[in-house]
C-alpha cells in the first residue's frame, strides 16, 4: 500500500518513467495549455507545472484517483445483522435522550 | 460543479505524444504537492524539527477542538460540584481513549487518502454513509449551538452580548476560509488553539493545594449523588472527550493535508501531543472550577450569565476570571472552526463533490457552503429569545456519546480492512483496547439514556 512518491527525492529513480518532454520548463519553452476550455485560465495547470508537482504526490493521492470509488466490502449476514442491531439500538437510545430532554424543558 | 469521477477544474493537458500518459492534475493537487515538496525536502535534509512542524496539525486540532466550550464548562462544573478527586485521573484516561480512536482515523486517512464519510459510503454502501453523515450533522449542529453559547458566556464577563458572539464566530469562520489553502487554514486555527492553555493559567491563578492535587490521583473520593446524576456526569464527560466530529475531522484533515504512510509515525506524535495538551488543559479547567467547591460552586449556572468567570473573579481575583472568560471564548471559537470543517468534509464526501481547503470556493461550493451554513444556523438559534440554551448545551455531549459507538465500530472495521490498509491494519492489542473503549462509551451512554427516559415517564424516581 505504501508506494513511494513518484520521482520523489528519496525514492529510487524511476526507470522508464517520466522524462523531460518537448515544451517542458526544463527546456525553457512555453508549456502546452489547453485552449479550448471554458475554465478560468488560472485553474488550468501548465504541463510543466504538472511534471514538477506530480513528483511530490503518491499516485493514489491525486484528486482524480481519490474520486475513484473503492471496492464495496462484502459483509456476512451476521455482520450486517449486528450492524443494523447496533444502529437501531443507538437510534432508540437517542430518541430516549431527546424525549427526556423535551420533557425536562417543561 | 465537479462531480465524482471528474477532475475538479483542469482538463487533460494536451501534450505532444507523451512517453507516459500524465494524470490529470487539479489546483487541489498543485496546492497539496507544494506542501508535500516541503515535507520531502525536510525529510531528505534530515531537518527533524522542521519536518515535525510541517506534519503536526490534524491531531492537535482534533484534540484541542474537543476541549470546546461545553467540555471546559463540564470539567469546571465537575470540579465545582465534586472537587478534584476521581476526575483528575479520569480525564487523562478519557484522552488516552481518544488517542486510540484518533490514531486509527489518522492512519486510515494517511493510508487511503480518503475521509471517513466517503470511505464509509463507498466501502459499506450509501445507507451507512448517510447514517454516519446524519449523526454528524445532528450532533454538530447541537454542539455548535453550545459553542456559540460558550463564547456568549465568555463575552458576558466583559459585558458584551449575544450579537457580538455571533459576529465573532461567523467572522472567524469566514476569515479562516479565506486563505484558499489547507495549510493556511490549519496554521490559523492552530495559532488560535494554543490559547486553550489559558485554562492552565486559570488553574495556576486559583493557587490550588498541590497535596490535594497529588492525592486526587487515587481516583477518590468517588462522586456522590443519585445514579442519574452520576450517569449524566460520566456520559457528558465521555462526550466531552470523544465525539463523532473528531473522527470525521481528523481522517479528512489527514487526507487533505496529504499525509502518507511514511508520515504515520509523525501523525501518531501529533495525536499524542494533542491528547496530552488537551488532558492537561482539561484538568486546568477542573482545578479552576474546584476552587469554587468551598464557595457553593455546585450552585453556579454556567450558562445563565457570566457564571464561572464571574464566580472565579470573586473567589480568586479578576485575573482568574478574565483568563477563564478568554479561555471560554477561545474554546468556543476553535471548536466552531473545526466542527464546521468536519461538517463541510462530510457534506462534500457524501455528496461526492470536491471537499478540500485546497480548492477554491468556486470549485467546491458545497464544501464552503456547508462550513459557513452550519455555523450560521447555530448562530441564528442562539439569537432566538427564550431558546433553551442551557439544556441544549448540557445535552450536546450526551447525544454525542450515545451516537458514538456506531461510528467507532466502523472506524475499527476500516482500520482492520486489509484490502484498504494493507500492512497498516490494526494490531491485536489496538483492537482489544478499541473494543473496550466502544463497550465503555456504549454502556455509559445507554445507561444514561435509559435512566433519563424511565425517569421522564415516572417509572423510576429521580
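The values are calculated or read from the model by the stated rules, or taken from the named source; none is laboratory data. Remember, it's a predicted structure, so these values are computed and weren't measured experimentally. Cβ coordinates were reconstructed from backbone atoms using ideal geometry, including for glycine residues, and neighbour counts include every protein chain displayed.
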Scan segment A:67-82 and give yes if some residue there is at the interface with another protein chain (Cβ under 7 Å from one of its Cβ atoms), out of contact with any strand residue (DSSP E or B) (no Cβ under 7 Å at 6 or more places or on another chain) and assigned to a helix (DSSP H, G or I), otherwise no. no
Mind counting the residues in segment B:296-327 that are closer than 30 Å to residue B:133 by Cβ and either modelled with pLDDT of 95 or more or in contact with a strand residue (DSSP E or B) (Cβ under 6 Å, 6 or more places away or on another chain) (or both)? 0
Scan (1) surrounded by fewer than 16 Cβ atoms within 10 Å (Cβ to Cβ); (2) more than 9 Å from chain A (Cβ to nearest Cβ); (3) touching a helix residue (DSSP H, G or I) at 6+ places or on another chain (Cβ under 8 Å); (4) part of a helix (DSSP H, G or I) for the single condition residue B:387 breaks and write down its number. (4)
Looking at residue B:382, is it buried (at least 19 other Cβ atoms within 10 Å of the Cβ), more than 10 Å from every other protein chain (Cβ to nearest Cβ) and in a helix (DSSP H, G or I)? yes
Sort out which residues of segment B:409-445 are over 22 Å from the mean Cα position of the chain (by Cα), assigned to a helix (DSSP H, G or I) and within 12 Å of chain A (Cβ to nearest Cβ), and write them in order of number. B:418, B:419, B:420, B:421, B:422, B:423, B:424
